[in-house]
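Okay, so here's the structure we're looking at.
The values are calculated or read from the model by the stated rules, or taken from the named source; none is laboratory data. Model, not experiment: these values are computed from the prediction. All Cβ positions, glycine included, derive from the backbone under ideal geometry; neighbour counts span all protein chains shown. Accessible surface is based on the protein model in full, side chains and every heavy atom, while ligands, DNA and RNA are left aside. Shrake-Rupley method; radii C 1.70, N 1.55, O 1.52, S 1.80 Å.
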Amino acid sequence: MPSGQSNKKILAINFFPAFTPPKSGGELRYYHIYRFLRNYYDITMVNPTHLFVEPEEIQRFPNMREFRIPKNKHHLFLHRFFSRVGRFRECSAVVVMLASSRDKMLRNTIEKHLLEADIVIHESPFLFHLTPRRENQIFIYNSYNVEYKLHREMLNGALGAVISRKVRSAEKRACRMSDLVFASSEQDRLDFSHLYDISLRKIITVPNGVDPEEITPASREERDQARKELGLKEKPALIFFGSAHPPNREAAEFILDRLAPAFPQACFLIAGKVCEALAERHLPNVTMLGVFTDEEKHRILKAADVALNPMFAGSGSNLKMFDYLSAGLPVIATPTGARGVPLINYTEAIITEAEGFPRCIETLLSRPDLRQILSRRGRSVIEEKYHWKHAADKIHAAIEDLHKPHVTVVNDFPLVPPRHGGQYRILNLYRNLSRYIPVNYLCLHKESDEIEETPLEERFLQTAIPKGLFWRMSESVLNRLLGYTIDDILGIFFAHRNRILKREVAQASAFNDILIVVHPYQWKVLRRYRSKNICIYESLNYETALKRETLPGIIARFLVMFVKGIEKRAIGESRATLTVSDEEAEAFTRDFGLNAKCITIPNGADASKIQPASPQEKEALKRLLELGEHKVALFIGSAHPPNVEAGRYLVEKIAPQTPDVLFFILGSVCWILKNIPGKPSNVKLFFEVEEDVRNALFKVADIAVNPMTKGAGTSLKMFDCLAAGLPVISTPIGARGVARKGVQPVILSELNQFSSTIREIFAQPEKRIFHELQGWNFVREYFDWGVIAKKLYEELSTLLKGVSYEKTLKK
C-alpha cells in the first residue's frame, strides 16, 4: 500500500462467529481468509453468536475486529420448532435467516458498519437481505457450499422442502446481486451458474486451504510421543475428523458399521463434535476423542498412520482434507470427500467409492512404501496450491481486477485445435494481445450441451457455449437441403436468442469490457451495449462479396441479402471496424456508403515458431522422406470454396504440366480433392496435420503456390509460407493485401502462366534465394503476430482515451 493511502474497508457478514481456535471447516475458512486479507484491507466482521450472552467486540489485529451479536428468543423458538416438528439435525443457518427480521441489534450493527464499507462480503446468503447497496460499493458472495443443495440433502419432509426453497431464493439473490461470487470448488462454480443462470465470468474458484507452517509432518520422535500421550500401542491408527454436520455423522457411522469391524487389528480415532451424536456407540477398537483444541488436533495428526474421509454428501471442499495432507498423512477418501481438491489417484491420495475402502485400507497398511509416496506428494500439493495466503491473494487479485477492462471476443467457432486460417489468425492475434490485456473468447459449439472452458494462455480463456437443440437441428436440415453449409449465416437468426451467450456478453458489458465480434453474424448480441461499451466489428473477409461469389442457386440470393444487411449494420454501428487489408476497408466505404472508421489489422505469422530451414536441414528431411532430388511445392487450404477451386486447378492443370515437381497439399481441402478422378501421381494429399507436422513440411518444401481466383481479406497461408523462407508464387487475388510500402514479396503470376512461372523459379536459384530472404525479413518487420498485436493494443488504447477506465490498461 503506497505511503499515505488508507486501506479500503471490508465488512464481512456471516451467520456464525470466527471462533479461535477454529473447530469446524467453516470457522477455519472464515478466520484464516480474513487473517490474510487484512494485509490488504481493514476488516470488520459482524455475526450472531450464542444465545443470551453479552455482545462482544474482539480486536483480533490492529486492522481486524469482530462484532458478535447474541441470538435472542426468536432464534430459540425457531430452533425448538425445527428440531421437534421438522426433526432437523442442523438448522442454525436457516434459523439466523428467518429470525434476522426480529434481530434489531444485529440489523443495527450491520447498518452502522455498512455505511463505512467499501466492500461488503457475505460469507453465506442468509443475511444478504439486510444489506442494501450504496453507490460504488462492491458486493461479494464468498460461498462455502452450494447452500441450496446442502440444505435439500439435510432437511427432510415437506417442511424441509419449504425451507430449502427459501434457501434457494436467498442464494439466488446473493449470486445475482453480487459483483463477484467465490466458490470453494470448481463443481460449486458450475452448480451456481446452472442453478441461478449467472455468468461463469463472475464466479471465481477460491479453494479452501490450510496453514502448512502450522500443520507439519511428524518426525519419528514426535510420532512416538503423540502415540504415547494418546495411549496407543503398536496398532496402526486411522483417524477421522468431523463436526456435527449431518454428512460427517453419516461418514462416522460408515466407519463404525463397515470399517472398524473389518480391521480389529487397527485403532480408529474419531474426533470432533460428531462424537456427541455417536455417544451411545461403543466398539473395542474405536476411540471417540470428542471436541479438541488446536494442540490436541496436532497431537492426533502426528499420532496417525492413515486419514479417512468417507463423505457421501456435502458441497464445497472438505477442509479436513487439507489438514490431513498438510500433516503428511496418506489419505483414503470418497470422490465426495475429495471434492474441490484435484488429486492424482494413488499418487497424492487414494480416491475410491465406499465399497473400495476395506481393500484400500488393507493395501495401505501393508505397503509402507506407498504410504511414504502419498505422504510426500500430498504434502507437496498443499505447499504449492492450498495455503490460506494463496486464497486471500486470489480474492484480493479478483477485487483489484474487477473494474479493469478485458477484451471479450465473440465468434461462432472454437480455436483449438486450429485447422483453418480463421482459427490461426484469431488464436495468434489474441494470444499475443493477452500480454497487454486479458482476453475472453466466447464461441459456440455443437458437440455437447455443456459449457466448455479452455485456457489458451495465462490471460486468454476460451468459453465454448452450446448452440442448443433447435439451432443444431436447423443447421442439419438446411445444410442437407441446400447441399452446402450455412452454419455461419444462421448465426444471424439464432445467436442473439442464445440465453447463455447473451448472459456471458451481458456480464462482459457489466465489467466494462471492450466487446469485439469476429464475423458479422453475431453482431445482434453486441449491438445493445453500444452506448455503454466500446463495440468493435472485426472482419476477416468481405463477407457479402465472398458469399455472393461462392454460394450457388437462387436461394443464395436471399442469403446474401441477409449477409449484406448484417454486415452493413455491424460496420455502421460499431465504434470501429478491424479489416485485414486497406483494400477491404475501401470496399466497405464504397459499397455500403458508410463513412466507417476502419483500422487495418493484417494477417500474419508466428516468426518465432516458423523458421526457414537450412540447406542441411532440408536435405536431411528429404532424405528421411525418401524424396531424393524431387522439387516440392506446397499448397495449404481449408474446404472454403475459393480454396477448393484453387486446389482443383492445381490438381487438374498445374500438376500435369509440371510432372517433375511434387505438390504437397495440406488442409481440409484434401477431403474434396481426393475425389478427383485421375489425380496425377505427383500430387500428395496430407489433409489436416498438427502444427509440428506442418512446420516440418515447410522445411521440406522448396516453394509455395497460391493459385486463388476468388476470395476476400488476405490469405493467411501466405504469411506462414513467407516466414518459412519459401518463395511464394501467387495470383494477384491470392496476394491481395500483402504488399507494403511499394514492396511485393510474392512472385505474381496469372493463372494461365502458373506452370511456366514454377519452372522459371526452379531454373533460377539466385532469384529463389533472393525471394526466400526477402519474404522472411518482410514477415518479421510487418507481419509477425507480436508486431500486429501491439498495433491492435495501441489502437484499443486510443479508442479508450476519454473513457474513465483507460488508465487501467497497462503494458
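Summary table
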quantity: Normalised contact order of the range 403-461, rounded percent, pairs of Cα under 8 Å and 6 or more residues apart; calculated: 42
quantity: Solvent accessible area, Å² - Glu567, 1.4 Å probe, full protein context; calculated: 0
quantity: Kyte-Doolittle at least -0.5, axis length at least 24 Å by Cα - qualifying DSSP helices, the chain; calculated: 157-177, 555-573
quantity: Cα coordinate range in the range 498-537, projected on the principal axes (Å, largest first); calculated: 23, 21, 13
quantity: 21 Å Cα-Cα threshold exceeded, pairs from Lys597/Lys801; Lys446/Lys674; Lys631/Lys710; Lys446/Lys502; Lys8/Lys394; calculated: Lys446/Lys674; Lys631/Lys710
quantity: Selection of GluC sites (Glu not before Pro), the range 607-641, meeting DSSP coil and at most 14 other Cβ within 10 Å; calculated: Glu626, Glu629
quantity: Length-normalised contact order for the range 278-426 - Cα pairs under 8 Å, 6+ apart - percent; calculated: 18
quantity: Between the range 343-373 and the range 36-50, the Cα center-to-center distance that results, in Å; calculated: 39
quantity: Gap separating the Cα centres of the range 142-199 and the range 312-333, nearest whole Å; calculated: 22
quantity: Percent antiparallel among DSSP beta bridges (both partners in the chain, rounded to 5); calculated: 10
quantity: The range 30-91 - Rg and Dmax from Cα coordinates, angstrom; calculated: 15.7, 46
quantity: Expected 222 nm ellipticity per residue - DSSP helices of 4 or more, -39500 (n - 2.57), all of the chain, to 500; calculated: -12500 deg cm²/dmol
quantity: Tail fraction, Cα-Cα pairs, the range 652-796, threshold 28 Å, whole percent; calculated: 19
quantity: Heavy-atom SASA rank of Arg89, Arg528 (probe 1.4 Å, accessible area, largest first); calculated: Arg528, Arg89
quantity: Where His298, His406 fall by accessible area, highest first, once all protein chains stay in place (1.4 Å); calculated: His298, His406
quantity: Residue among Val632, Leu621, Ser581 farthest towards the positive dipole end of the range 570-657, charges placed on Cβ; calculated: Leu621
quantity: Exposed chymotrypsin sites (Phe, Trp or Tyr not before Pro) absent: longest stretch of the chain, with sites in DSSP loops and at most 16 other Cβ within 10 Å deemed exposed; calculated: 485-804
quantity: Largest to smallest principal axis extent of the C-alpha atoms in the range 293-425, angstrom; calculated: 58, 36, 28
quantity: Fraction of accessible area attributable to carbon and sulfur, the range 448-576 (%, probe 1.4 Å); calculated: 55
quantity: Relative counts (whole %) of C-alpha pair distances in the range 91-140, using bins that are 10 Å wide; calculated: 24, 56, 20, 1
quantity: Heavy-atom accessible area ranking, 1.4 Å probe, most first, across Leu716, Leu625; calculated: Leu625, Leu716
quantity: Unit charges at the beta carbon, dipole of the chain: most positive-side option, Pro414, Leu180, Pro732; calculated: Leu180
quantity: Summed side-chain charge close to Tyr41 - residues other than Tyr41 whose Cβ falls under 9 Å, Lys, Arg +1, Asp, Glu -1; calculated: +1
quantity: Surface accessible to a 1.4 Å probe, Glu400 within the full protein complex, Å²; calculated: 80
quantity: Intensity falloff of the chain expressed as log10 I(q)/I(0), Debye formula with alpha-carbon point scatterers, at q = 0.07 Å⁻¹; calculated: -0.69
quantity: Cβ-based net charge around Glu766, under 15 Å, with every Lys or Arg adding one and every Asp or Glu removing one; calculated: -1
quantity: Exceeding the 18 Å Cα-Cα cut-off - candidates Lys172/Lys532; Lys172/Lys202; Lys524/Lys564; Lys653/Lys679; Lys622/Lys684; Lys9/Lys112; calculated: Lys172/Lys532
quantity: Where Rh is the Kirkwood radius over Cα pairs, Rg/Rh for the range 1-72; calculated: 1.02
quantity: All lysines inside 17 Å of Lys228 as judged from Cα atoms, apart from same-chain residues fewer than 8 positions distant; calculated: Lys297, Lys302
quantity: Cα centroid of the range 694-734 to Cα centroid of the range 544-580, whole Å; calculated: 26
quantity: Simple Cβ-charge dipole of the chain, Lys/Arg +1 and Asp/Glu -1, about Cα centre, in debye nearest 20; calculated: 1960
quantity: Net dipole in debye of the range 337-412 [+1 Lys, Arg Cβ; -1 Asp, Glu Cβ; about Cα centre; nearest 20]; calculated: 300
quantity: Dipole axis of the range 1-148 (+1 Lys, Arg; -1 Asp, Glu on Cβ), positive-most option in Asn142, Val94, Thr131; calculated: Val94
quantity: Neighbourhood net charge (14 Å Cβ-Cβ; Lys/Arg +1, Asp/Glu -1) for Lys622; calculated: 0
quantity: Distance (nanometres) between label positions extended 7 Å along Cα→Cβ at Lys741 and His630; calculated: 4.1
quantity: Principal axis dimensions, largest first and in whole angstrom, of the range 737-781 by Cα; calculated: 31, 23, 13
quantity: Isotropically averaged projected area of the range 508-618, using the convex hull of Cα atoms (one quarter of hull area), nm²; calculated: 10.5
quantity: Given charges at beta-carbon only (K, R positive; D, E negative), |dipole| of the range 422-518 in Debye; calculated: 240
